Amino acid sequence: MTASLPRQAASPEEPQRPPETPGHKAKRRALTLLIIVLLIGVPAGYLVISANQSRNSGKDKESKYSATGLAEGWPSKVQRRLYQVPVPHPADRIAYYETNNWKTSRLYVQFRTNSAGLDSFLEGMGLNREALKKDDISIGARDRKITGWEFTGPGPWSGLTHEQKNPAPTQDVVVNTADPNFPMIYVVSRTVP
């Protein structure tokens with residue numbers, strides 16, 4: 001048999017609490033439910049949003065790196081610096097494509113600029129217009145097939161190959177000066193990792 005313990009009497013200074021009313025009990029339960037929902041729901045919602053953003057980021061990267069052929073827009077500054085392709089300002093009709101494998105990495109770039117832009121582009125490579133050879137299509141058939149470039153339109157066409165010691169890239173350049181004020185430039189820059 002267990003002995004019951006005596007109860008301690010309430011302090012006379014402490015006010016007596018009234019018994020809990022049904023309305024007060026409902027408010028207390030609602031507040032408890034709200035706290036539980038916030039403690040569980042907010043982190044769960046954050047995880048769902050974060051997972052969706054992460055998945056979408058992966059899809060964007062997948063589409064970027066699975067692209068085949070030229071994509072409109074500027075190559076990144078890192079790509080331009082790594083492959084030493086100084087696209088001048090102003091330039092339009094810009095498109096690029098990068099390929100990488102264990103043996104060679106290539107950046108294909110095309111753009112149209114003005115006469116001063118052509119000079120600026122060549123100077124950025126450490127060259128000048130005298131380096132261009134008339135009727136020299138220096139971009140090979142393999143690279144033309146990858147990009148879809150066909151150098152058969154009205155010319156004159158000129159080109160050059162700017163060879164540099166590894167790890168600096170080697171660039172093949174073809175210039176179409178059918179409109180001498182706005183030459184179209186095609187570049188293949190390749191480097192060995």
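I'd like to know if region 21-36 contains one or more residues that are at pLDDT below 75, surrounded by fewer than 10 Cβ atoms within 10 Å (Cβ to Cβ) and more than 30 Å from residue 190 (Cβ to Cβ). No, every residue in region 21-36 fails to be at pLDDT below 75, surrounded by fewer than 10 Cβ atoms within 10 Å (Cβ to Cβ) and more than 30 Å from residue 190 (Cβ to Cβ).
Per-residue answers, yes or no, for (1) in contact with a strand residue (DSSP E or B) (Cβ under 6 Å, 6 or more places away or on another chain); (2) of a type in the set (Phe, Trp, Tyr):
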position	(1), (2)
145	no, no
157	yes, yes
167	no, no
171	yes, no
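Restricting attention to region 93-123 and to residues that are in contact with a Phe, Trp or Tyr (Cβ under 7 Å, 6 or more places away or on another chain) and open to solvent by 30 Å² or more (accessible area, probe 1.4 Å), the residue that is farthest from residue 158 (Cα to Cα) turns out to be 97. Scanning region 127-143 for residues that are in contact with a strand residue (DSSP E or B) (Cβ under 8 Å, 6 or more places away or on another chain), exposed (fewer than 14 other Cβ atoms within 10 Å of the Cβ) and not acidic (Asp, Glu) gives 133, 134, 140. In region 37-80, of all residues being modelled with pLDDT of 90 or more and either surrounded by fewer than 10 Cβ atoms within 10 Å (Cβ to Cβ) or polar (S, T, N, Q) (or both), the one that is farthest from residue 113 (Cα to Cα) corresponds to 78.
For region 81-193, give me every one of the strands (runs of 3 or more DSSP E) that falls completely inside it and has 1 or more residues that are under 27 Å from the mean Cα position of the chain (by Cα) and either closer than 23 Å to residue 71 by Cα or modelled with pLDDT of 95 or more (or both). Fully inside region 81-193 and qualifying: 91-100, 105-113, 170-176, 184-191.
The values are calculated or read from the model by the stated rules, or taken from the named source; none is laboratory data. Since the structure is predicted, the reported quantities are computational estimates derived from the model, not experimental observations. Don't worry about glycine lacking a Cβ; one is built from the backbone with ideal geometry, like all the others, and counts go over all protein chains shown. Heads up: the accessible areas ignore ligands, DNA and RNA and are worked out on the full protein's heavy atoms, side chains in. Shrake-Rupley method; radii C 1.70, N 1.55, O 1.52, S 1.80 Å.
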